[in-house]
Amino acid sequence: MFLCEKSIEKLRIIINGDDTTDYKSGPNLVSFFNKLGFDDCYGPGFPSRWIFTEYKLNEINGTKKLENCIKAIFAVNNYIGRIDYLDSLIFEFNQYLAFDKLKVVRDNEKILIEKLDRIIISSDKEQSNISEKEFLQLEFDKSLDDIGLNYNITEILKTRMVEAESNIKVGCSLSAIILIGSIAEGVLLGVATKYPRIFNMANSAPTNRNDGKVKPFNAWTLNDFIETAYELNIIHEDVKKFSHVLREFRNYIHPYQQLCSSFYPDENTALICLQVMKALIAQISEYVKREI
């Protein structure tokens with residue numbers, strides 16, 4: 001496998017781990033690459049960390065060692081207790097790998113590298129141009145009851161919504177965001193359960209690496225639900241866009257990821273997430289209404 005310059009640069013940033021808890025010092029970097037077959041020593045005259053890492057990556061680019069390097073840096077056992085953080089790193093790296101027609105996939109505890117048959121780049125016309133300010137000013141009149149999920153789960157989700165809104169009012173923004181993220185996942189799981197056939201047949205439905213079968217819904221990630229709901233036209237581009245923002249914020253349930261990103265959400269951030277939730281409910285409700 002061979003990576004372009006931008007992909008190598010992004011991989012170097014991930015390996016070095018600057019400003020994260022995965023920061024690697026010079027000796028750590030030497031140890032990391034020596035495990036891939038090198039025999040370097042750390043000492044006087046050692047170059048800057050980024051020069052050393054980029055040099056090593058360019059040296060193994062196009063060889064099997066590069067694949068081993070990628071699998072080593074994303075090794076699941078290095079991210080115990082922060083799997084969502086690992087998934088976000090993989091997601092970011094895949095934005096670059098797309099240009100190399102490659103994709104990193106985490107299949108439970110395994111890290112795989114898949115080849116793609118083409119590069120898919122969305123044009124500017126396909127992207128939502130709605131601003132954050134405009135999005136916050138939108139009004140939605142649909143409720144969780146309009147989606148028609150199981151009564152018991154609907155009541156649980158409604159209780160969480162009330163609690164999230166209360167948390168925002170008293171300044172507990174992070175807890176509100178985490179609650180809102182759980183509501184979004186609960187709603188989308190409920191809709192998938194309501195319409196299992198179309199969700200399972202969608203191109204975005206996640207599959208098992210071994211047999212190619214679609215994973216059971218309890219193994220889907222929030223990202224899987226968002227992408228599939230968008231593909232099925234259950235949600236639109238604007239909600240898809242902001243739902244991914246919500247998904248990223250929700251991942252800060254892990255303290256170390258919050259520490260790595262120095263993320264301290266304020267009321268405005270929480271309000272954006274709440275508005276995403278309301279928009280999600282509204283668009284799903286409209287879909288359900290069309291299907292009746």
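The values are calculated or read from the model by the stated rules, or taken from the named source; none is laboratory data. Everything numeric in this text was worked out from a predicted model, so none of it was measured. Every residue, glycine as well, gets a Cβ built from its backbone with ideal geometry; the counts of neighbours run over all protein chains shown.
For this structure, a couple of remarks:
- Condition met for Ser7 (free of Cβ contacts under 8 Å to residues at least 40 places away in the same chain and outside any loop (DSSP other than H, G, I, E, B)): no
- Selection of segment 264-292 for residues being surrounded by 15 or more Cβ atoms within 10 Å (Cβ to Cβ) and outside any helix (DSSP H, G or I) yields only Pro265.
- Restricting Ile60, Ile80, Ile90 to those that are in contact with a strand residue (DSSP E or B) (Cβ under 7 Å, 6 or more places away or on another chain) and of a type in the set (Val, Ile, Thr) reduces the list to Ile90.
- Filter pass, Leu144 being farther than 20 Å from Glu227 by Cα, modelled with pLDDT under 95 and touching a Leu at 6+ places or on another chain (Cβ under 6 Å): yes
- Evaluating Ser173 against the criteria (1) modelled with pLDDT of 95 or more; (2) buried (at least 17 other Cβ atoms within 10 Å of the Cβ) leaves one unmet condition, (1).
- Residues of segment 1-41 satisfying the condition of being among the hydrophobic types (A, V, I, L, M, F, W, C) and over 20 Å from Glu67 (Cα atoms): Cys41
- Within segment 14-21, at least one residue is loosely packed, with under 14 Cβ neighbours inside 10 Å, of a type in the set (Ser, Thr, Tyr) and modelled with pLDDT under 90.
- The condition of being over 21 Å from Ala270 (Cβ atoms) and assigned to a loop (DSSP other than H, G, I, E, B) holds for only one of Ile234, Ile198, that being Ile234.
- Ser128 being touching a helix residue (DSSP H, G or I) at 6+ places or on another chain (Cβ under 6 Å), of a type in the set (S, T, N, Q) and at pLDDT below 80: yes
- Some residue of segment 206-228 being over 21 Å from Thr154 (Cα atoms), among the hydroxyl-bearing types (Ser, Thr, Tyr), out of contact with any Pro (no Cβ under 6 Å at 6 or more places or on another chain) and crowded, with 19+ Cβ neighbours inside 10 Å: yes
- Selected residue [more than 15 Å from the chain's Cα centre (by Cα) and at pLDDT 90 or above] from Leu280, Leu271, Leu259: Leu280
Rundown of residues vs (1) surrounded by 14 or more Cβ atoms within 10 Å (Cβ to Cβ); (2) under 18 Å from Tyr256 (Cβ atoms), yes/no style:
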position: Glu9; (1), (2): yes, no
position: Tyr23; (1), (2): no, yes
position: Phe33; (1), (2): yes, no
position: Ser48; (1), (2): no, no
position: Asn58; (1), (2): yes, no
position: Thr63; (1), (2): yes, no
position: Asn77; (1), (2): no, yes
position: Asp84; (1), (2): yes, yes
position: Gln95; (1), (2): no, no
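- Any hit, segment 186-204, residues being in contact with an Asp or Glu (Cβ under 7 Å, 6 or more places away or on another chain) and farther than 25 Å from Gln275 by Cβ: yes
- Close Cβ contacts (under 8 Å, 6 or more residues apart or on different chains) running from residues in segment 217-232 that are among the acidic types (Asp, Glu) to residues that are in a helix (DSSP H, G or I) and at pLDDT below 90 comprise Glu227/Lys240.
- Members of segment 194-229 that are of a type in the set (D, E, K, R) and under 21 Å from Lys241 (Cβ atoms): Asp224, Glu227
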